[in-house]
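Encoded as structure tokens, the structure appears first; notes follow it.
Taken together, the values in this text are just the output of simple stated rules run on the coordinates, not laboratory data. Predicted, not measured: the structure shown is a model, and the values here were computed from it. Quick reminder, even Gly has a Cβ in these numbers, built from the backbone with ideal geometry, and neighbours come from all protein chains shown.
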Amino acid sequence: MNASTLHPTIDETSRKIIEEKMQERSSKPTYERLYDLNKEKMQKHAENVMKAPAGQQEQKKVTKRENLEQTLYEDAQRRKVELEAKKKELDKERLKPKESKFVNDKSDKYVIKRFDKELKQAEQELLTEEGYQNNEE
């Protein structure tokens, strides 16, 4: 294989751009260059703010405040309507008669078993009382 195919090459235009950037960057440390860039950006922003008429800035503040108040009012109304709808739904649920029993087959079997047991005990007590009464006579 040819060695030149394994390495990427940079064309002449790209090389010139890189050299210019390196010269700019080598003249100042990075932190100073970034500080200056940020300073320029802040100055441009301050100039733009100063160019805007003072009345226009006040107008924006008033409009924002009115929009905020309107938005908050609409949000409060929406929440109030949602709360009322939830209350109505809950009231409907509470007033609806219960269709299902709280009893299932196992509880029915338990009740029947318990009844049979109590019935047998009552029969035993009756027989026992009759036996005592017959013996006393």
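The alpha-carbon of K41 sits under 15 angstrom from the alpha-carbons of these aspartates and glutamates, leaving out residues fewer than 8 places away in its chain: E32. Each of R33, R114 has some number of other Cβ atoms within 10 Å of its Cβ, and from fewest to most they run R114, R33.
Summing charges over all other residues whose Cβ lies under 12 Å from the Cβ of K88, with Lys and Arg as +1 and Asp and Glu as -1, gives -1. Across the range 63-74, rounded Karplus estimates of 3J(HN,Hα) from the backbone phi angles (6.51 cos²θ - 1.76 cosθ + 1.60, θ = phi - 60°) give 4, 4, 5, 5, 4, 5, 4, 5, 5, 5, 4, 5 Hz, Gly and Pro being marked x.
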